[in-house]
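The values are calculated or read from the model by the stated rules, or taken from the named source; none is laboratory data. Note that the coordinates shown come from a computational prediction; the quantities given were computed from them, not determined experimentally. When we count neighbours, we look across all protein chains shown, and the Cβ atoms used for this are built from the backbone with ideal geometry, even at glycine. Just so you know, the surface numbers come from the protein's heavy atoms only, side chains and all, with ligands and any DNA or RNA stripped out. Shrake-Rupley method; radii C 1.70, N 1.55, O 1.52, S 1.80 Å.
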Amino acid sequence: MDLKHRCVQLNDGRFIPVLGLGTYAPEEVPKSKALEATKLAIDAGFRHIDSALLYGNEEEVGQAIRSKIADGTVKREDIFYTSKLWVTFLRPELVRPALESSLKKLQLDYVDLYIIHFPAALKPGEELLPKDEHGKFIFDTVDLCATWEALEKCKDAGLTKSIGVSNFNHKQLERILNKPGLKYKPACNQVECHPYLNQRKLLDFCKSKDIVLVAYSALGSHREKKWALPRE
């Protein structure tokens, strides 16, 4: 099967499958379900698997991918795996360690796409959602252009094949695109997109810059207030 006929080409020349399995689930869902769902998805023909450090299931998702490689269902190069840089790791010196942590959990040598999860930084530390005594998020001040340079270095090191962003608006994308010395443009911008939020203006902007818009919650979504971050 020629997967390129079921893929979209990114601006770095690589191909991303047009349909992917998102593995996020609420905390009450056992992590073993991510293992089961990923195996079933690969058996059903899915080749794009999407997870993130925040989801807390990369060990299970990685186990599922490796098991399907081991049983001969797929080869590693058949799978397009996306992971995400969480917002407590946006300081440049934390980017590579965060990616290496995901790779260790996955037990994979590289990810196919690594994206900045949100364009808003939170205080680094053990807590993924740090809050003060009043229950307010503790934000951090980070230059996203410096974060992007760290992602470029991860790409050059072979830890990820492509790099991109998520939940960025056009102004935030322009900050990256207009960065002096930009080496790689974002390959994609992953955002919520469905009939009730069609993202037409953002889609047109991304097309004009040769950036693929990747839709999540394509059939609609619900909100979990505990970790929803405000957008600029």
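Just a few scattered comments:
- Size of electric dipole in the chain: Cβ of Lys, Arg +1 and of Asp, Glu -1, about Cα centre, debye, nearest 20: 540 debye
- Carbon and sulfur %, accessible surface of segment 1-123 computed with the full protein complex present, 1.4 Å: 51 percent
- Put the Cα centre of segment 130-145 next to the Cα centre of segment 67-98 and the gap is 25 Å.
- Value of [θ]222 nm, deg cm²/dmol, for the chain, DSSP H segments ≥ 4, -39500 (n - 2.57) each, nearest 500: -9500 deg cm²/dmol
- Taking amide hydrogens as placed 1.01 Å from N in the peptide plane, the amide H of V74 sits under 5 Å from those of I69, each at least 5 positions away in sequence or on another chain.
- For S101 and A70, the difference between the fully extended length at 0.36 nm per residue and the C-alpha to C-alpha distance is 8.9 nm.
- For segment 16-55: accessible area per residue (Å², 1.4 Å): 49 Å²
- Accessible area per residue in Å² at 1.4 Å probe, computed on segment 112-204: 49 Å²
- Rg to Rh, two decimals, where segment 102-232 supplies the alpha carbon set and Rh follows Kirkwood: 0.97
- Taking the square roots of five times each eigenvalue of the Cα gyration tensor of the chain, the equivalent ellipsoid has semi-axes of 25, 22, 18 Å, listed largest first.
- Ranked by the mean number of other Cβ atoms within 10 Å of their residues, highest first, the peptides 112-124, 42-54 come out as 112-124, 42-54.
- With each label modelled as a point 7 angstrom along the Cα→C-beta vector, the K201-K183 pair spans 3.4 nm.
- Remark: the K136-E192 segment gains 17.7 nm on full extension, using 0.36 nm per residue and subtracting the alpha carbon distance.
- For the set K105/K155; K105/K179; K33/K207; K123/K209, the pairs lying more than 24 angstrom apart at their alpha carbons are K105/K179; K33/K207; K123/K209.
- Length released on extending from S208 to V18, taking residue separation times 0.36 nm less the Cα-Cα span: 66.5 nm
- The order of the peptides 73-81, 85-93 by mean Cβ neighbours within 10 Å, most packed first, is 85-93, 73-81.
- Spatially proximal aspartates and glutamates relative to K183 (Cα-Cα < 16 Å; intrachain offsets below 8 disregarded): D12, E149, E152, D156, E174, D210
- In range of the label at K153: residues from segment 84-106 whose backbone nitrogen is under 20 Å from the point 7 Å along Cα→Cβ: 84-104
- Cβ-defined net charge surrounding D12, 14 Å radius [Lys, Arg +1; Asp, Glu -1]: +2
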